[in-house]
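Asker: Sharing a structure here in structure tokens format.
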């Protein structure tokens with residue numbers, strides 16, 4: 001019976017030919033409901049081309065394409081979504097997941113066009129009649145987010161418990177916290193370009209989500225051999241461009257990196273990273289300075305089989321990471337974990353050796369196939385206001401170094417620090433701790449040219465310094481340090497109105513009428529550091545390509561015009577740890593190229 | 001609403017009740033008591049109208065959640081009855097004898113979620129999908145993207161870019 005029906009039904013359908021059609025043209029041209037999901041709109045000035053709309057689309061209806069007039073830059077891929085309406089099912093997931101809230105759906109649902117290719121376009125970049133419509137579907141508000149906009153909170157030692165000691169403040173994430181935090185990542189990869197080392201950030205966060213921390217460590221070491229360190233004190237520029245940060249807290253990328261490094265035991269590193277059997281090339285490289293760039297260069301050179309010897313002026317390795325950054329931010333055992341692993345690859349460090357004094361650069365050149373210099377910025381700059389030559393006016397970097405070396409440093413009850421950067425906060429908070437230990441109270445004030453909103457120090461440094469009872473009074477320009485014989489009386493300042501001119505050049509403007517006096521028994525200057533290149537012999541320096549400001553010029557491989565000499569770190573770029581790491585890595589590859597071609 | 005629930009609890013075991021708004025609440029009942037409870041709501045409490053019957057796939061918890069949304073025309077309140085049923089051999093008692101239109105909802109749920117309602121008229125007849133051979137498409141383990149890539153050919157001229165790769169090409173091609 002069913003079969004007969006199958007044969008007859010095509011014929012019976014013919015009877016409908018003469019019937020009035022059920023469908024008619026919409027005579028009223030009615031507008032759809034207020035929240036109807038129609039054609040896409042995109043505010044392309046808000047959109048950053050993160051591609052989460054493309055990733056979530058279950059119909060593969062979205063492509064990310066370059067758009068005229070949209071530039072690729074930090075935090076913006078320069079791409080914009082193009083929708084293929086042959087596939088779109090109007091579900092609106094792309095709107096729900098949009099990190100910048102730029103994407104929405106208008107309530108326009110009728111559009112007639114003869115050319116099917118017109119139904120594939122870039123919303124916002126190609127003008128459409130519904131672009132100005134207010135009605136339609138927008139990302140629902142609170143409670144309907146597809147990812148958590150709130151960052152997993154980090155446990156910190158309370159101010160009362162930390163202000164007398166140098167124990168680490170930030171406690172680190174637990175497994176649950178790290179996985180929760182990692183779960184917020186949308187894997188767009190916008191952050192990768194901004195990281196100076198271009199770390200595989202989405203990949204290592206994914207490894208946390210998959211609870212595969214060995215894989216996480218491998219991803220870290222691909223581009224960064226100091227993850228315990230960077231996981232604590234990196235300037236984390238990546239977080240400033242995080243797409244999730246546009247409407248919520250950015251991912252805690254730095255703490256997630258720390259979590260991976262913390263969870264992998266040091267004794268298993270070589271096995272996990274497959275560095276137990278390295279093939280030696282028989283070639284030797286000398287490295288000057290054991291800071292981030294030198295260690296990074298040594299690490300990647302060692303992996304390629306080069307015998308590396310680091311020459312270090314001080315009795316311990318790490319450069320500014322050890323002698324500049326206080327222990328409460330970067331504990332020595334964590335610093336040593338990273339450094340000891342690099343040493344375990346066969347890298348040797350010669351301590352207490354000053355180039356130009358104990359051994360000359362020429363001797364290094366003769367004994368090694370190539371030389372890398374990463375000597376950093378260790379000479380404190382002075383404001384040069386009257387009174388700075390007084391013996392009770394000190395440089396922050398010198399004091400920080402002496403604290404680490406275990407020397408007793410001069411410590412008065414009332415101290416003024418001049419400077420608003422991270423080093424200024426480091427010395428302020430270190431002095432506050434020492435004062436608390438010695439005098440039972442804190443009497444340190446930091447002042448900077450920059451007003452609070454443009455202080456170069458990390459925001460949390462300023463907040464935490466205040467929690468530890470240091471006074472931060474920004475926006476003042478130093479005029480004179482008042483002295484009386486062998487005593488310092490204090491610092492005279494005037495109001496600083498602006499620091500930079502319209503061309504972003506340093507040109508501070510002051511209101512001489514607004515004055516202030518900060519009483520103090522000692523003053524510490526912390527307005528930046530300069531380099532000491534005295535280890536380069538004068539005759540050699542004259543041959544070397546340098547810029548007008550006395551900086552060594554290097555090519556993309558961080559190679560100087562001398563060929564055999566490479567340079568990186570703060571003397572070239574930065575100043576910060578992550579640029580040093582990136583420079584060291586590139587220089588290592590440059591040295592390999594240079595020695596392979598030689 | 002509160003009195004209705006209190007009355008209900010005298011006769012039926014209600015697992016939990018949640019008042020979402022003044023005129024909307026949801027209760028959870030077990031599979032075994034649900035049909036009796038819904039009948040009671042219709043015949044004795046005045047919830048004369050079945051607004052909808054729908055499902056959610058809680059794949060992690062290995063069950064489907066059925067929601068019967070009932071409307072009380074006089075009191076102008078809605079009550080949702082939620083029933084959790086096992087995902088494996090998913091089956092629920094039919095309510096087509098209470099509301100004629102329930103058969104359509106049940107046919108849809110049969111097709112989209114694979115939930116069976118034995119005795120419901122035409123429940124096995126295709127509803128909107130033609131010649132469907134995959135697992136029911138509203139089940140969360142149905143891979144929509146894979147299906148659409150397999151089924152719908154890509155239109156010529158389509159190309160896409162990975163943001164991170166594209167930024168590398170544009171901003172730091174030599175690193």
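Please treat every number below as a calculation from the coordinates, not as lab data. Small disclaimer: the values here were computed from a predicted structure and weren't measured. Quick reminder, even Gly has a Cβ in these numbers, built from the backbone with ideal geometry, and neighbours come from all protein chains shown.
Asker: Please list, in order, the residues from the range A:43-67 whose amide nitrogen is less than 11 Å from a point placed 7 Å along the Cα→Cβ vector of residue B:152.
Answerer: Within reach of a label on residue B:152, which here means backbone N under 11 Å from a point 7 Å along Cα→Cβ, the range A:43-67 contributes A:58-62.
Asker: Angle between the Cα long axis of helix A:332-344 and the longest principal axis of chain A, 0 to 90 degrees, nearest 10?
Answerer: That works out to roughly 80 degrees.
Asker: Based on other C-beta atoms within 10 Å, arrange A:296, A:252 from fewest to most.
Answerer: Numbers: A:296 32, A:252 25.
Final ranking by Cβ density, sparse to dense: A:252, A:296.
Asker: A further question follows. Could you work out how far helix A:213-223 tilts from the main Cα principal axis of chain A, as a 0 to 90 degree angle to the nearest 10?
Answerer: 70 degrees
Asker: Rounded to the nearest 0.05, what FRET efficiency do residue A:367 and residue A:548 give with R0 = 41 Å and r taken as the Cβ-Cβ distance? Could you check?
Answerer: Numbers: r = 33 Å, r/R0 = 0.80.
E between residue A:367 and residue A:548, to the nearest 0.05, is 0.80.
Asker: Inside 10 Å of the C-beta atoms of A:116-128, what's the mean count of C-beta atoms belonging to other chains? Working shown, then result.
Answerer: On the way: counts 1, 3, 0, 1, 3, 0, 0, 0, 0, 0, 0, 0, 0.
Neighbouring Cβ atoms belonging to other protein chains average 1 per residue here.
Asker: In addition: Grab the beta carbon distance between residue A:534 and residue A:556, set R0 = 22 Å, and tell me the FRET efficiency rounded to 0.05.
Answerer: On the way: r = 27 Å, r/R0 = 1.25.
With a Förster radius of 22 Å, E is 0.20.
Asker: Right, next: Separation between the residue A:274 and residue A:150 pseudo-spin-labels, each 7 Å from Cα along Cα→Cβ, expressed in nm?
Answerer: Those two pseudo-labels are separated by 4.2 nm.
Asker: Under the definition of Cα pairs under 8 Å and six or more residues apart, what whole-number percent is the relative contact order of the range A:431-546?
Answerer: On the way: 161 pairs, mean separation 20.8, N = 116.
Across the range A:431-546, relative contact order equals 18 percent.
Asker: When the helices in chain A are scored as -39500 (n - 2.57) per DSSP H run of 4 or longer and the sum is shared across all residues, what 222 nm value do you end up with, to the nearest 500 deg cm²/dmol?
Answerer: Numbers: 21 runs with 183 residues, N = 598.
Using -39500 (n - 2.57) per qualifying helix, the result is -8500 deg cm²/dmol.
Asker: Counting every Cα pair in chain A, what percent are over 45 Å apart? Mind showing how you got there, number by number?
Answerer: Details: 57621 of 178503 pairs.
The proportion of pairs with Cα distances above 45 Å equals 32 percent.
Asker: Same structure, new question: How do A:299, B:11, B:40 line up, fewest other C-beta atoms within 10 Å first? Walk me through the numbers on the way to the answer.
Answerer: Values: A:299 26, B:11 12, B:40 16.
Fewest to most other Cβ atoms nearby, the residues stand as B:11, B:40, A:299.
Asker: Cα centroids of the range A:167-216 and the range A:444-460: how far apart, whole angstrom?
Answerer: Between the Cα centres of the range A:167-216 and the range A:444-460 lies a distance of 29 Å.
Asker: Any chance you could give the angle, 0 to 90 degrees and rounded to 10, that helix A:577-597 forms with the longest Cα principal axis of chain A?
Answerer: In chain A, helix A:577-597 runs at an angle near 90 degrees to the longest axis.
Asker: Could you work out [θ]222 nm for chain B from helices alone, using -39500 (n - 2.57) per DSSP H run of at least four and dividing by all its residues? Round to the nearest 500 deg cm²/dmol. Could the numbers behind the result be given before it?
Answerer: Working: 5 runs with 48 residues, N = 175.
Using -39500 (n - 2.57) per qualifying helix, the result is -8000 deg cm²/dmol.
Asker: Further, regarding this structure: In whole percent, what relative contact order does the range A:28-137 give with Cα contacts below 8 Å and a gap of six or more residues?
Answerer: Relative contact order, the range A:28-137: 41 percent.
Asker: In nanometres, what is the gap between the two model label sites at residue A:473 and residue B:122, each 7 Å from Cα along Cα-to-Cβ?
Answerer: Here the answer is 8.5 nm between the modelled labels.
Asker: Residues of B:151-163, mean number of Cβ from any other protein chain within 10 Å of their own Cβ, rounded to a whole number?
Answerer: Values: counts 0, 6, 0, 5, 7, 1, 4, 9, 4, 10, 10, 7, 19.
Across the residues of B:151-163, the mean count of other-chain Cβ atoms within 10 Å is 6.
Asker: Given the options B:87, B:110, B:158, state which has the largest fluctuation in a GNM of chain B using a 10 Å cut-off (strictly under) for Cα springs.
Answerer: Maximum fluctuation in the GNM of chain B, among the listed residues, is at B:158.
Asker: Okay, moving on. Remind me, relative contact order of chain A in percent, using alpha carbon pairs under 8 angstrom and six or more residues apart? Before the final figure, lay out each step's value.
Answerer: Numbers: 1211 pairs, mean separation 72.1, N = 598.
Dividing the mean separation by the residue count of chain A yields 12 percent.
Asker: Beta carbons within 10 angstrom, averaged per residue: use that to sort the peptides A:571-578, A:225-232, A:551-558, highest first. Kindly include the intermediate steps, with their values, before the conclusion.
Answerer: Numbers: A:571-578: 22.6, A:225-232: 27.4, A:551-558: 17.0.
The packing order, highest mean first, is A:225-232, A:571-578, A:551-558.
Asker: Under a crude label model (7 Å from the Cα following the beta-carbon direction), how far is residue A:46 from residue A:109 in nanometres?
Answerer: Distance between the two pseudo-spin positions: 2.4 nm.
Asker: Sticking with this one: Per-residue mean of other chain beta-carbon atoms within 10 angstrom of the beta-carbon, peptide A:56-68?
Answerer: On the way: counts 1, 3, 7, 6, 9, 3, 1, 6, 6, 5, 3, 0, 0.
Across A:56-68, the average partner-chain Cβ count within 10 Å equals 4.
Asker: When A:7, A:169 are ordered from fewest to most other Cβ atoms inside 10 Å of their Cβ, what list results?
Answerer: A:7, A:169
Asker: Roughly how many Å is it from the Cα centre of the range B:146-175 to that of the range B:102-118, as a whole number?
Answerer: First find each Cα centre; the distance between them is then 39 Å.
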